[in-house]
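Undergrad: Here it is, the structure, as C-alpha cells.
The values are calculated or read from the model by the stated rules, or taken from the named source; none is laboratory data. Because the structure is a prediction, the values reported are computed rather than measured. Backbone-built Cβ (ideal geometry, glycine too); neighbour counts: all protein chains shown. These area figures cover heavy atoms from the full protein model, side chains too; ligands, DNA and RNA do not enter into them. Shrake-Rupley method; radii C 1.70, N 1.55, O 1.52, S 1.80 Å.
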Amino acid sequence: MSVDPEHPIVYQPSREAIEGSRLADYLRWLARREGGREFAVDDYAALHRWSIDEPDSFWSSLWDYFGFIGDRGAGAVLDTLEMPGARWFTGARFNFAENLLREAIEGDAGRRAVTALSEAREPITLTYGELYRQVGAFEAFLRSVGVQAGDRVAGVVAHTHEPIVALLACASLGAIWSSASPDFGVSGIVDRFAQIEPRVLVTVDGYRYGGKSFDRLDRIAALRERIPSLEHVVVTDNTGAAQPLPDDRGMTPWSVALADHDGTPPSFERGAFDRPVYILFSSGTTGVPKCIVHGAGGALIQHVKEQVLHGDLKRDDVFFYFTTCGWMMWNWHVSGLFAGAELITYDGNPAYPDLDALWAMAAARGVTHFGTSAKWIGACRNAGLTPGTAHDLAALRVIFSTGSPLLDADYDWVYEQVKAEVLLGSISGGTDIVSCFVGCCPTLPVRRGEIQCRLLGVAAAAFNEAGDAVLDECGELVCTQPIPSMPVAFWSDPDGARYRAAYFERFPGVWAHGDFISFSSTSGGAVIHGRSDATLNVGGVRIGTAEIYRQIEPMPEIADCLVAAQSTGEDDRIVMLVVPAAGYAVDDALRDAIRRRLREQASPRHVPKVIVGVEALPYTRSGKKVEVAVARLLNGREVEQSSAIANPESLAAIAEHPALRRS
C-alpha cells in the first residue's frame, strides 16, 4: 500500500465490506459469464483499463448485469469513438420509467419507494405500487390535455414526491421533463422554460423554508403570460393549506388530476436508447442558460453504474440526497429507484431549526446513503457538530459530497465526528453529463483531500496547454472517449455548433469540461483545483481557486470566502472577498493571518493583493459559488443573468464596494 504524506489514508474498507460490495459481486459475475473476465477485487486499475480499452464489452456487460428492461436489438453498443456524435445501443428499445419502476413490475410492489419530508407537510410515503399507480394516473392526465411524445412538461417544484411522479409519467409516454425550484424568480424561470416551449406547467402553491412561508400562486399568471406555449397548469398542494385555485379551465389541482385518471396503468412506450428524457440548464450566470438535452438510456445506465457499483447502493438501502429540483443531483437521486432502494426527499432549509436536523433525520430514518454538498459539510464542521455521538448512525455506510471540492479539514471532521467506518464519496461531474467523471469506490481506501478514482468507463485525464495528458500536475479535466450520458444535443441548436463550441473547441475531438484537476500517479486519485474558466493567472502562473479555499476556509475566523482575478493593466491581482465568522471582523490582523497562511501553506503567488470583508457571497441556486460573475464585475463587465443567482443583492454590494474599483 502506497504512502502519500500529502493525502494519507483516512479510511480503509474492511475485507468483509469489500467482498460484500456490489462491485465485488459484479466482478464475480464477470468471471462466471461465458467468455468471462477475471479481475482481482483489489486491482481497480486493471478493471478501469478494461472498461476504457473495450467500451463495447464493458457497457454491454452493465446492461446484462443490471438487467435493464427493454430490447437490446442488434445495433452497435457504441457506433463510433468520435466526439461529438457517438451513439449508444443503437438498436435498443427502452423506457426510462419502466426501468425505474421495475420493483413494482417484477419485484415487491409493497416496498417503500419514496418518503417525502417537508417543513410544510407531514411525511408522505409511497410504496412502489402506489408510485406506479400515480405515474399511470398522471400520464393519463397528460394525455388528456394533449401531451404527446416529444412535448415538453416543465415543473417549478419542490423536492417532494410529486415531481418524481411527473418525471416518470412524462418518461412513460415519451414526453420531456424539465424542472426548476420554486425559489427561482419569474425571470429566471422564463429564461429557462420559454426556450423549450412547454405545453404543461406543474407548479407548487407555495413552499416553506427556514420556518417562513412563501406564496407562489401569484406567479402563475405572469408565467402563463411570458411563456405563451403553456396550455395547462397543474398545481400541487405543497403548503398543506389546500389553497383555492382560480376558476380556470386551464388549471387543475394535482389531486384532481390523479383522481380523475386513477387506475390507468403507465404505458411505458419504448423508444430509442437516446430518446430525450429531460432538459437541464447551465447556470446562466454569464448569459442565457443553455438547454442541455439528456437521453433516457445514457443517463440511467450512468446513474446506476455510479450508484450501485461505485456507491454500493443496494435494494434494502435508504438513500437521502439534499438537493432541489433545479440541480442535477435531483435527477441523479431519482435514479436510485432502479436499485429498489427507498428514496428520502426533503423540502426545506437543511439548517432548520439547526444544522443537526438532517443528521437526526438520518438516524431516525435509518439512512444508509447520505448525500449533500461540500459546503454543508463545512458548515457542520464550523458549527462544531458531533453527529456520531449525538445520534445513532449505525445504518450509515456512504456519504456523498459534491458541488465543490471537499476540504482536507472536512475529511478529518467526517471521520472524527460522524463515523470512522463510512465511505466518504467525494464525487465530481456536472449538469453537462448529469453524472460524474471521478468519484468513489467501495473497494478502495479514502485518502484525505483526494477523490478516490476515475469512474469505470470514463476516460478522464488532465491535459496541459499542449494537449498532453499529465500526472501529478494540474491540468484541464478532459474526457477522451464518449460516455453514454454526454448530451444528446442542445435545444434549438440544429447544426450542433453551440454544443461543439461548449466542449470540443479547446481540444478538437476531446471533451473539455472546464475544471482544473490533477491525477496521482501512485493512488490513481484526483484533486479538483477549481473551475478553469475562473482561473487566477498571476505573473503567468495559473492558480486554481480551490487551492486557496483549501487553506482559508478551515480558519475559524472565516465563514466563507471567494477569490477572483482583477486586471490592473499590467497584470492580474488576486482579490479575496471574506465573510467573517460570528464575532470576527475583516481587520488588519485577519488580513495578515490570511496572507501568512497562504504564503506558508501554498506559495507567495497565492497571496491576495486585496482582502475585503462582505456580508454575503453570491451563490447559484444549486449552491455553487459564482466566481465567474464576480470576476466579470471586478473587471468592469456586466453580469447579464443575475436571475440565476440565489442572492443577487450580494453582487450589487460587491459592485459598489469602494475597495474593489479598478485602479
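Undergrad: How big is the Cα convex hull of segment 558-597 in projection, averaged over all directions, in nm²? Working shown, then result.
TA: Working: hull surface 12.9 nm².
Projected area, direction-averaged: 3.2 nm².
Undergrad: Expressed as a rounded percentage, what relative contact order does the chain have, with Cα pairs under 8 Å and six or more residues apart? Could you put the intermediate results ahead of the total?
TA: Values: 1438 pairs, mean separation 87.9, N = 663.
Over the chain, the number comes to 13 percent.
Undergrad: Once you have all Cα-Cα distances for segment 208-328, histogram them in 5 Å bins from zero and send the whole-percent values.
TA: Here the calculated profile for segment 208-328 is 2, 7, 10, 13, 16, 20, 17, 11, 4, 1, 0.
Undergrad: On average over all directions, what projected area in square nanometres does segment 86-143 have, based on the convex hull of its Cα atoms?
TA: Working: hull surface 26.5 nm².
Orientation-averaged projected area of the Cα hull: 6.6 nm².
Undergrad: Expressed as a whole number of Å, what is the distance separating the alpha-carbon centroids of segment 213-269 and segment 549-602?
TA: Value for the Cα centre distance between the two parts: 47 Å.
Undergrad: Another question about this same structure. So if I place +1 on the C-beta of Lys and Arg and -1 on the C-beta of Asp and Glu, and nothing else carries charge, what would the dipole magnitude of segment 156-220 be about its Cα centre? I want it in debye, nearest 20.
TA: Working: 6 positive and 7 negative charges, 14 e Å.
Taking the Cα centre of segment 156-220 as origin, the dipole is about 60 debye.
Undergrad: State to the nearest 20 debye the size of the charge dipole of the chain about its Cα centre, where the only charges are +1 on K and R beta carbons and -1 on D and E beta carbons.
TA: Working: 61 positive and 84 negative charges, 81 e Å.
Around 380 debye, computed over the chain.
Undergrad: Report the per residue volume, in Å³, of the convex hull enclosing the C-alpha atoms of segment 349-425. All intermediate terms of the calculation are to be shown ahead of the outcome.
TA: Numbers: hull volume 6.2 nm³, N = 77.
Measuring per residue, one finds 80 Å³ for the Cα hull of segment 349-425.
Undergrad: So, with +1 on the Cβ of K and R and -1 on the Cβ of D and E, and no other charges, what is the size of the charge dipole of segment 494-643 about its Cα centre, to the nearest 20 debye? Can you show the working numbers first?
TA: Working: 19 positive and 19 negative charges, 59 e Å.
Computed about the Cα centre, the dipole is about 280 debye.
Undergrad: Per q in 0.16 Å⁻¹, report the Debye log10 I(q)/I(0) for segment 15-92, using one uniform scatterer on each alpha carbon and no solvent.
TA: Values returned for q = 0.16 Å⁻¹ are -0.69.
Undergrad: Rounded to a whole number, what is D in µm²/s for segment 298-453 from Stokes-Einstein with the Kirkwood radius over alpha-carbon pairs (4 °C, 1.567 mPa s)? Show your work: numbers first, answer last.
TA: Details: Rh = 15.4 Å.
Translational diffusion coefficient: 84 µm²/s.
Undergrad: Hand me the GluC sites (Glu not before Pro) from segment 447-496 located in a DSSP loop with no more than 16 other Cβ atoms within 10 Å, in residue order please. Don't skip to the answer; put the middle values down first.
TA: Working: sites: E450, E465, E473, E476; in loops: E450, E465, E473.
Passing both the DSSP loop test and the Cβ count: E465, E473.
Undergrad: For segment 316-371, compute Rh as the Kirkwood radius over C-alpha pairs and then the Stokes-Einstein diffusion coefficient at 20 °C and 1.002 mPa s; write the answer in µm²/s, rounded to an integer.
TA: 184
Undergrad: To continue, here is another question. Binning every alpha carbon pair distance of segment 480-567 at 5 Å from zero, what are the percents per bin?
TA: Answer for segment 480-567: a P(r) of 3, 11, 15, 17, 18, 14, 12, 8, 3, 1, 0 percent.
Undergrad: While we're here: Tell me the Kirkwood hydrodynamic radius of segment 43-200 in angstroms, computed as one over the mean inverse distance between distinct C-alpha pairs.
TA: Details: mean 1/r = 0.0544 Å⁻¹.
Mean inverse Cα-Cα distance, inverted, gives 18.4 Å.
Undergrad: Averaged across orientations, what area in nm² does the convex hull of the alpha carbons in the chain project? Display every interim value, and only then the final one.
TA: Numbers: hull surface 111.7 nm².
Dividing the Cα hull surface by four gives the mean projection, 27.9 nm².
Undergrad: Which shape class, rounded, prolate or oblate, goes with segment 263-314 when its Cα gyration tensor gives a ≥ b ≥ c as root eigenvalues, a/c under 1.5 marks rounded, and past that a/b bigger than b/c marks prolate?
TA: On the way: a/c = 2.31, a/b = 1.26, b/c = 1.84.
Here segment 263-314 falls in the oblate category.
Undergrad: Return a whole-number percent for the relative contact order of segment 323-388, with Cα pairs under 8 Å and 6 or more residues apart as the contact set. Mind dumping the intermediate values first?
TA: On the way: 23 pairs, mean separation 15.4, N = 66.
RCO, segment 323-388: 23 percent.
Undergrad: Report the Cα-based extents of segment 108-199 along its three principal axes, largest first, to the nearest Å.
TA: That works out to 40, 32, 17 Å along the principal axes.
Undergrad: To continue, here is another question. Subtract the Cα-Cα distance of E19 and S187 from 0.36 nm times their separation in residues, and report this length gain in nm to one decimal.
TA: Numbers: separation 168, 0.36 × 168 = 60.48 nm, distance 5.15 nm.
Answer, rounded to one decimal: 55.3 nm.
Undergrad: Nearest 5 percent is fine: what portion of the DSSP beta bridges confined to the chain is antiparallel? Before the final figure, lay out the partial values.
TA: On the way: 56 of 98 bridges.
So the antiparallel bridges in the chain amount to around 55 percent.
Undergrad: Rounded, prolate or oblate: which fits segment 567-620 when a ≥ b ≥ c are the square roots of the eigenvalues of the alpha-carbon gyration tensor, with rounded for a/c under 1.5 and prolate only if a/b beats b/c? Walk me through the intermediate numbers first.
TA: Working: a/c = 1.99, a/b = 1.24, b/c = 1.61.
It comes out oblate by the Cα gyration axes.
Undergrad: Given C-alpha coordinates of segment 144-184, what is the ratio Rg to Rh with the Kirkwood estimate of Rh?
TA: Values: Rg = 10.4 Å, Rh = 10.5 Å.
For segment 144-184, the value is 0.99.
Undergrad: How big is segment 574-652 by the Kirkwood estimate over distinct Cα pairs, in Å? Mind dumping the intermediate values first?
TA: Details: mean 1/r = 0.0719 Å⁻¹.
Evaluated over segment 574-652, this radius sits at 13.9 Å.
Undergrad: Please work out the average accessible area per residue across segment 133-239, using the 1.4 Å probe convention, and give it in Å².
TA: Dividing the accessible area of segment 133-239 by its residue count gives 28 Å².
Undergrad: If you average the sequence gap of Cα pairs under 8 Å that are 6 or more apart and divide by the length of segment 1-137, what percent do you get for the contact order?
TA: Working: 119 pairs, mean separation 15.6, N = 137.
With pairs under 8 Å counted, the relative contact order is 11 percent.
Undergrad: Have a look at segment 282-343 and give its Rg and Dmax from the Cα atoms, expressed in angstrom.
TA: My reading of the Cα-based Rg and Dmax gives 13.5, 43 Å.
Undergrad: Something else about it: Pick out, in residue order, every one of the trypsin sites (Lys or Arg not before Pro) in segment 559-623 that is DSSP loop and has at most 16 other C-beta atoms within 10 Å; say none if there are none. Spell out each step's value before the answer.
TA: Working: sites: R573, R591, R595, R596, R597, R599, R605, K609, R621; in loops: K609, R621.
Those satisfying the criteria are K609.
Undergrad: Among I399, P556, L634, pick out the residue whose Cα is farthest towards the positive end of the charge dipole of the chain, where Lys and Arg carry +1 and Asp and Glu carry -1 on C-beta, about the Cα centre.
TA: The residue sitting most towards the positive pole is L634.
Undergrad: For segment 453-520, what Kirkwood radius comes out of the mean inverse Cα-Cα distance, in Å? Intermediate results must be reported in sequence, preceding the final value.
TA: Working: mean 1/r = 0.0785 Å⁻¹.
Kirkwood radius, segment 453-520: 12.7 Å.
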